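Asks: Next up is a structure, given as structure tokens.
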Amino acid sequence: MITLSGVHKSFGPNRVLRGVDLTIAKGESMVIIGGSGTGKSVLLKSVLGLVTPDAGSITLDGQDVTKGDRDAFLARFGMLFQGGALFDSLKVWENVAFRLLRGTMARPKAEAREIAIEKLRRVGLKPETADLFPAELSGGMQKRVGLARAIAASPEIIFFDEPTTGLDPIMSGVINDLIREIVVEMGATAMTITHDMSSVRAIADKVAMLHDGLIRWTGPVGEMDATPDPYVQQFIHGRATGPIAAVR
């Protein structure tokens with residue numbers, strides 16, 4: 001469904017992506033791992049068309065992501081942002097229904113609210129949460145609201161940007177389980193970027209290791225522990241020594 005071929009991207013002298021090749025099949029959950037500053041977020045933004053590669057191509061169902069109707073293209077995506085990215089001045093249900101209240105996907109307000117409450121239920125939040133403001137919620141609840149917003153318009157593709165950042169281990173497990181259940185239930189194609197190995201094992205069908213602007217290894221999550229690839233082994237075990245130099 002998503003194909004990246006020889007993708008390069010630099011910002012001045014900083015070469016972030018140096019020839020990325022990656023394929024994500026329809027209905028597959030791909031998790032991209034790698035340390036901070038390895039280009040994971042730039043890769044995600046490139047797929048969304050928010051960053052234009054200097055070279056190479058990115059296609060969605062065979063179509064160049066930088067061309068065509070942008071609104072129709074973006075309508076196919078849902079996104080769970082790293083920091084939640086909820087609008088403080090909007091009630092929870094208005095955050096969840098944000099896309100449903102605007103643009104070509106606009107629904108009547110009552111219908112949008114009803115959908116929002118149903119999506120909140122799906123992520124384990126009670127209907128009365130709908131009329132609260134984000135500041136009245138815990139970090140875990142805010143993350144659930146973000147997940148409800150990501151699925152509100154029933155997207156074909158969902159991106160998860162560090163979905164468990166800032167959460168305790170128990171809530172991280174809850175969010176990971178919810179993501180897996182929802183992706184399977186919707187039959188969506190998922191792309192997650194994370195350095196949290198518990199998320200990788202809970203969410204992934206396949207894993208890709210990004211380091212120094214290149215995909216160093218990719219394969220089924222079940223083969224990750226057994227691969228002899230030194231980059232993967234150092235990363236998943238958190239070893240101080242290996243081919244990945246610690247940033248000081």
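The values are calculated or read from the model by the stated rules, or taken from the named source; none is laboratory data. Being a predicted model, the structure only gives us computed values, none of them experimental. Every residue, glycine as well, gets a Cβ built from its backbone with ideal geometry; the counts of neighbours run over all protein chains shown. Please note that ligands, DNA and RNA were not included when accessible areas were found on the heavy atoms of the full protein model with its side chains. Shrake-Rupley method; radii C 1.70, N 1.55, O 1.52, S 1.80 Å.
Asks: Would you mind working out the accessible area per residue for the chain, using a 1.4 Å probe, and quoting it in Å²?
Replies: 47
Asks: Also, I was wondering about something else. Roughly what % of DSSP beta bridges within the chain run antiparallel, to the nearest 5?
Replies: On the way: 21 of 39 bridges.
Expressed as a percentage, antiparallel bridges in the chain total about 55.
Asks: Output the relative contact order of region 146-192, whole-number percent, from Cα pairs under 8 angstrom with separation of 6+ residues.
Replies: Numbers: 32 pairs, mean separation 25.4, N = 47.
Once divided by the residue count of region 146-192, the mean separation gives 54 percent.
Asks: Residues with amide H under 5 Å of I215's amide H, sequence separation 5 or more or different chain, H placed in the peptide plane at 1.01 Å from N; which?
Replies: Those qualifying (amide H under 5 Å, at least 5 residues apart or on another chain) are D21.
Asks: Next question. How large a share of the accessible area of the chain, in percent, is made up of carbon and sulfur atoms when the probe is 1.4 Å and the other protein chains stay in place?
Replies: Taking all protein chains in place, the chain shows 53 percent carbon and sulfur surface.
Asks: Please identify, among H237, H195, H211, the residue showing maximal mean-square fluctuation in a Gaussian network model of the chain using a 10 angstrom Cα cutoff.
Replies: H237
Asks: Evaluate the relative contact order of region 103-159 (contact order divided by residue number), counting alpha-carbon pairs under 8 angstrom at least 6 apart; express in whole percent.
Replies: Working: 29 pairs, mean separation 20.7, N = 57.
Result for region 103-159 is 36 percent.
Asks: Work from the charge dipole of the chain (Cβ charges, +1 for Lys and Arg, -1 for Asp and Glu, about the Cα centre) and give the residue of S57, G187, T227 farthest towards its positive end.
Replies: In the chain, that residue is S57.
Asks: Related question: Pull out a ≥ b ≥ c, the square roots of the eigenvalues of the alpha-carbon gyration tensor of region 153-224, then state rounded if a/c is under 1.5, prolate if not and a/b is larger than b/c, and oblate in the remaining case.
Replies: In terms of gyration-tensor shape, oblate.
Asks: First obtain the Kirkwood hydrodynamic radius of region 91-166 from its Cα pairs, then insert it into the Stokes-Einstein equation at 20 °C and 1.002 mPa s, and state the resulting D in µm² per second as a whole number.
Replies: 172
Asks: How far is it, in nm, from the label point at D21 to the one at D177 when both lie 7 Å from their Cα along the line to the Cβ?
Replies: The two pseudo-label positions are separated by 4.0 nm.
Asks: Oh, and also: What is the chain's relative contact order, in percent, from Cα pairs under 8 angstrom and six or more apart in sequence?
Replies: 25
Asks: Using the crude model of +1 on Lys and Arg Cβ and -1 on Asp and Glu Cβ, and no other charge, please compute the dipole size for the chain relative to its Cα centre, in debye to 20.
Replies: The dipole of the chain has a size of about 380 debye.
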